[in-house]
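Throughout, read-outs are computed from the coordinates displayed, never taken from laboratory work. Bear in mind that the values here come from a model prediction, so they are computed numbers and not experimental data. Heads up, the Cβs are rebuilt from the backbone with ideal geometry, glycines too, and the neighbour counts pull from every protein chain shown.
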Amino acid sequence: MDFEHKLAAQQKRIEVAIKHQVPSPETRPSNLHSAMRYSMDAGGKRLRPILLLAAFELSPSTIDPVPAAIAIECIHTYSLIHDDLPSIDNSDLRRGKPSCHNQFNESTALLAGDALLTYAFEHLSNSYISTPEVAVNLIQILASASGSLHLIGGQMEDIEGENKNLSIEDLDFINENKTAALITAAICMGATLNGSYKKFSFEYQNMGKSLGLAFQIIDDVLDIVSDSKTLGKDVGQDSKNEKNTIPQKLGVNKAKELARKYTENAANLSKLLSKSEESSFLTQLIYNMEKRIH
């Protein structure tokens, strides 16, 4: 199967699993679960769950990786719902549709994000109850990446950095935590499920960090050069919110060069960990993420 067909197949796999593993809109209270599913069903690239599956496939085991993939997508979606709120980025669009607070209301969106955050860990504990050590390790990785020292901490410094002249070091801290931490968690969770994480934790962590930094730089470039229809979300948000970004500091071309260096480092680590002489799906995915237009 070529890369594009494999990517589409993995995206479909995630979409089907969401329908079966996340509470339906009919579940009481229906408005809350409708909002949760609205944001989960809104599409998107599904990169984090697919990264988890791709890392898992480097050395697959008999454990099902899909519930873990759904859990990390719940965390990612909750963070987007909250990012879009009027009190933070005040975004009207997400994944080409009205943001959750516009489709429902602000209080419902806030609670939908809270519920997805909580459900991620409930889902992990229930899905891997027969392998408790794996369950604990998965929960630890995801909880650490999602907490105040990483995802939320990065979001906090991103908000506090508005209207300020931040250094490159400050931006690296924000990007490593707000974005790269969850991408790293996806890769490390996949490796935990196949049993290779303990032996190669340094390689997996550095791959995720490099990939996450490249991803955020490309995201910031697209916010400057793309349009809302292509991105599926509001553009010019960084300028609107007076946020510092790598492209704003270095210029678009130098930012792209830096993203290329991070991408190459991540791809080289993926090649090192792959047992196949051919490029693994993970390696191809890493290169594809740099070339994305949305």
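A few remarks follow.
- Listed residue pairs exceeding 24 Å between alpha carbons, taken from 209/261; 12/198; 45/178; 164/249; 19/275; 45/291: 12/198; 19/275
- Ordered by the number of other Cβ atoms lying within 10 Å of each residue's own Cβ, fewest first, 101, 150 fall into the sequence 150, 101.
- Order of 3, 104 - criterion: other Cβ atoms within 10 Å of each residue's Cβ, fewest first: 3, 104
- The chain, helix-only ellipticity at 222 nm - DSSP H runs n ≥ 4, -39,500 (n - 2.57), divided by all residues, nearest 500: -21500 deg cm²/dmol
- Taking other residues whose beta carbon is less than 10 angstrom from the beta carbon of residue 69, and scoring Lys, Arg as +1 and Asp, Glu as -1, yields +1.
- Centroid-to-centroid separation of segment 193-225 and segment 39-58 [C-alpha atoms, Å]: 13 Å
- Residues 188, 74 arranged by fewest to most Cβ contacts within 10 Å: 188, 74
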